[in-house]
Structures are given as C-alpha cells and as structure tokens.
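Q: Quick one: the structure is below, questions incoming.
Taken together, the values in this text are just the output of simple stated rules run on the coordinates, not laboratory data. Because the structure is predicted, anything quoted here is derived from the model rather than measured. Cβ atoms come from the backbone with ideal geometry, glycine included; neighbour counts cover every protein chain shown.
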Amino acid sequence: MARSSLAIPIVPKKPSWKISKTGKTAKQRPSTSANSNRRAKSTVLPKETAEEIKKLKAKLSEVNIQVYEKKEEIFKLVENCSLETQNMNKELNGLLNLEKEHKRIVDLKNQTEKMDESIKHYNILKGIQDEIKDLNKMKFKYIQICREETFDESWLKCEFCRLFFGSEKPRTPRVLGCGHTMCFSCAENRVKDDNLTCRIDGEITKVNGAALEEAIPINFTVATMCGI
C-alpha cells in the first residue's frame, strides 16, 4: 500500500499557566514531592545551633551524673542517720537501766537506814533489859540480905505445902479471896465444883468456870520478896 500523504498534526502541550476567574494568569503549584524536599532542606540546622545543642546534651549528661552522685550521698546520709538513731536508742536504754539501778540503790539505802534505826532501837532495848537484869540481881541480893536480917522464911513458903515459892508456874504465889497465899499447885488440888476453899479460915473463892489464873492472881508482894 502506498503511504498516505496526510501529515499527523502535532498537538502542542498545554502551558503551565492557568487563567483565574479574574482573567489573570497564575502559575501552577508545584507537586507534593517538591514540597517535601523543600521542607527537608529547611529542617537542616545551622552549624552553630548544632554545636550549641551538642554542648547542652553534654551538660545534661554532667547534670545527670551529679544528680546520681547526690542521690548516693543522700542514701549514705540516710544510712548514717539510721545507725546514729540505733546508737541513740541503745544509749537511751542504757540511761533507763541506769535510772532503774539508781532507784534500786536509793531503795536499798532507805532500807539500810531503817535497819540501822531498828538496830539502834534494839541496842537501846537490849541495854535497858541488861539494866533491868542487873537491877533484879541487886534486888535479889537485897532481898536475901533482908531475909537474913529481918524476914521470916515462913513468908517465902506456901502456907499449905510449906515449900518455897518459885518462878515456875506451879510454885508461883497466888492470893485467895480471903487474903491468904498458896502456891498454884496447891490451889489446883483444892478446887472442887468451881470452889476453892482456904484451909486456914475455910473461906471459899469462887472460880465460876473461869481460868484459875484469873480467879487467883499472883501475890506480887510475896513474889517480890522471893525475887521472882
């Protein structure tokens, strides 16, 4: 086939200019990829700013190290404070124990003072008792002398059994209701139906169920003469 002599018309490209509503031409906006490239180029920091940021990061690292060291110091201080608190508690317990010991010593001292006073009173009483014993000895000697010189021994004997009176209970001189004196042993033997009859004058001393010691008391005059 023979080629056609008709030439293919060339369509020209549309210009990148747009006509606005106002009739003015406006330049076409660039694509989004171009915008992103421009933004990337715009985020690149200047050299001075980068150096300053680097310095700030280094300084921040130093500050973090200092903060860590300060924390370690604080932990050590807390630990030391805890140890000091424990030591203070031990000292406080020791002081409390010392206070208790002091109170105990004061109590012992007071008890010792009371015992000293008791010992003093005991010594005084003992001295008085010794003096009384000495006086009794002197009295007994005086009574013996008086017996030898003026007294009749019949006063020193029971009017019934004719035995000497003594300090033992059966030999103690007892006075009857009539005034006569007999030893306690003879009085016990003569009690009948709560009645004690005197052998000398026949007068009756009523016992009435009471203790015989109360019904016939000691004749202290005769007892003194006998040195009882």
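Q: Counting pairs of Cα atoms in segment 51-151, how many percent are more than 20 Å apart?
A: Of all Cα-Cα distances in segment 51-151, 76 percent exceed 20 Å.
Q: Volume per residue, Å³, of the convex hull around the alpha-carbon atoms of segment 153-226?
A: It is 75 Å³ per residue.
Q: State, to one decimal in nm, how far the label point of residue 192 lies from the label point of residue 83, with both points 7 Å from Cα in the Cβ direction.
A: 10.6
Q: Here is a follow-up. If each residue's Cβ is checked for other Cβ atoms within 10 Å, how do 190, 199, 162 rank with the fewest at the top?
A: 162, 199, 190
Q: Let me ask you something else. Tell me, what is the percent relative contact order of segment 158-221, built from C-alpha pairs under 8 Å that lie six or more residues apart?
A: About 30 percent, as a whole number.
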